[in-house]
Amino acid sequence: MHKAIYGKPGISDKTRQRILAIIDQMSYSVNTVASSLKREILKIAVVFPVLELKLNYFFRKLVEGIDEVERELLDFHVAIIRYPCNETWQNQIEILEKILDHDDIDGVVIYCWDDTKLNPYIDQLYKKGVPVVTFNSDTVGSCRIGSVTAPNVRTGRLAAEFMCQILPQGGRIIMLGGNRMMKNLREITFGFFSYIQKHRPDLAVMEINDFGTIEKLYEELLHVLTVYNDISGIYCNSAQNNIPMCEALKKAGLAGKVKAIASDVFEELAPYLEEGIVNATMWQDPKSQSKNAVKMLYEYLTTHKIENNNQTVGIGIVMRNNFQDYL
């Protein structure tokens with residue numbers, strides 16, 4: 001029966017189907033807790049960013065998701081091995097090399113700082129029999145077995161749709177596009193641009209990407225806000241750039257005059273919503289992204305298949321009056 005349930009070799013398809021039919025008639029279900037106790041502990045490595053407080057807004061919720069799924073899988077003989085990293089793909093390569101040097105990790109869940117630089121290491125892990133699932137930021141062309149992200153293009157389009165509704169007149173919009181080496185941020189930017197071009201060609205979009213540090217980004221944004229007098233809106237697609245955006249608007253004397261859309265929900269953003277500096281922020285459910293990625297990998301390790309290997313989470317527009325609900 002075990003071979004029939006788990007799709008293992010050793011029995012014919014005819015016998016397998018007959019056993020599965022009997023199981024269905026009897027309403028038989030596998031006791032997953034009992035089954036997990038018969039095997040060795042599954043060790044899942046989770047590589048996630050832990051940054052300084054002023055940059056860690058989005059990642060706090062990712063950690064909450066990891067904490068929550070760790071508690072849920074405690075009875076299923078699963079151990080979460082945490083590998084905190086900094087804000088560079090180079091540091092993540094160092095971590096993946098360490099994992100490759102050991103034989104005690106069964107699978108890896110990772111937030112990727114670059115969409116291609118980690119591919120050779122993910123492919124080596126796959127060949128070694130260590131599957132990888134990405135979350136929030138994905139890889140392009142690697143052997144990762146699955147990913148959990150926000151619907152990035154739709155997130156950008158939703159932000160653009162809201163911007164169009166609060167900007168009845170034309171003008172210039174600044175798009176703070178974040179790290180262009182990350183697939184998720186590029187897709188959000190594409191979604192935003194494509195919607196504006198189709199529905200509001202009277203709005204000109206100017207993109208500003210990362211400048212290495214939030215201090216440099218703040219200086220560049222302040223310069224742009226000062227030079228151009230036709231800026232009517234600004235959208236920031238990366239949580240760590242929200243506060244510099246708000247402070248630059250205040251410094252330029254444009255707080256409340258330029259419509260602003262931020263990203264993600266964290267307590268430091270609340271005062272800017274209350275003051276009307278930020279009109280709305282885009283929620284991308286980071287907690288579910290990390291949690292569901294670990295659950296996807298667990299599903300693969302225990303059943304050798306995945307029902308949906310490209311999962312997306314819900315998104316939403318958060319404003320002052322529903323901010324606490326999402327916080």
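Observations on the structure shown:
- Remark: pairs (first residue in the range 206-223, crowded, with 17+ Cβ neighbours inside 10 Å and modelled with pLDDT under 90; second residue polar (S, T, N, Q) and not in a helix (DSSP H, G or I); Cβ separation under 7 Å; 6+ apart in sequence or on different chains) = D210/N179.
- Selection from the range 142-156 of residues that are under 18 Å from F190 (Cβ atoms) and not basic (K, R): S147, T149, A150, P151, N152, V153, T155, G156
- Residue, nearest to I80 (Cα to Cα), within the range 264-311, restricted to residues that are part of a helix (DSSP H, G or I) and among the hydrophobic types (A, V, I, L, M, F, W, C): V294
- Within the range 101-127, the set of residues being open to solvent by 30 Å² or more (accessible area, probe 1.4 Å) and not in a loop (DSSP other than H, G, I, E, B) comprises P120, Y121, D123, Q124, Y126, K127.
- Top-ranked residue of the range 128-144 - restricted to ones that are part of a loop (DSSP other than H, G, I, E, B) and within 16 Å of V47 (Cα to Cα), ranked as farthest from the chain's Cα centre (by Cα): V130
- Failed item, numbered, when Q289 is tested on (1) farther than 16 Å from F162 by Cβ; (2) open to solvent by 10 Å² or more (accessible area, probe 1.4 Å): (2)
- N229 vs. criteria touching a Ser or Thr at 6+ places or on another chain (Cβ under 9 Å) and either open to solvent by 10 Å² or more (accessible area, probe 1.4 Å) or closer than 17 Å to F58 by Cα (or both): no
- Residue among I234, I306 that alone is within 21 Å of T155 (Cα to Cα) and hydrophobic (A, V, I, L, M, F, W, C): I234
- So V63, is it buried (at least 18 other Cβ atoms within 10 Å of the Cβ) and under 19 Å from C143 (Cβ atoms): no
- Of the residues making up the range 261-276, none is open to solvent by 10 Å² or more (accessible area, probe 1.4 Å), under 23 Å from T149 (Cα atoms), of a type outside the set (V, I, T) and touching a strand residue (DSSP E or B) at 6+ places or on another chain (Cβ under 6 Å).
- Hey, M182 over 20 Å from the mean Cα position of the chain (by Cα) and touching a residue at least 12 places away in the same chain (Cβ under 8 Å) or not: no
- Search result, residues across the range 312-326 that are open to solvent by 70 Å² or more (accessible area, probe 1.4 Å) and part of a loop (DSSP other than H, G, I, E, B): M319
- Of all residues making up the range 66-90, the number that are open to solvent by 50 Å² or more (accessible area, probe 1.4 Å) and either assigned to a strand (DSSP E or B) or of a type in the set (A, V, I, L, M, F, W, C) (or both): 6
- Residue, nearest to K61 (Cα to Cα), within the range 232-263, restricted to residues that are assigned to a loop (DSSP other than H, G, I, E, B) and over 26 Å from the mean Cα position of the chain (by Cα): G256
The values are calculated or read from the model by the stated rules, or taken from the named source; none is laboratory data. Since the structure is predicted, the reported quantities are computational estimates derived from the model, not experimental observations. When we count neighbours, we look across all protein chains shown, and the Cβ atoms used for this are built from the backbone with ideal geometry, even at glycine. Surface accessibility is based on the protein's heavy atoms, side chains included, excluding ligands, DNA and RNA. Shrake-Rupley method; radii C 1.70, N 1.55, O 1.52, S 1.80 Å.
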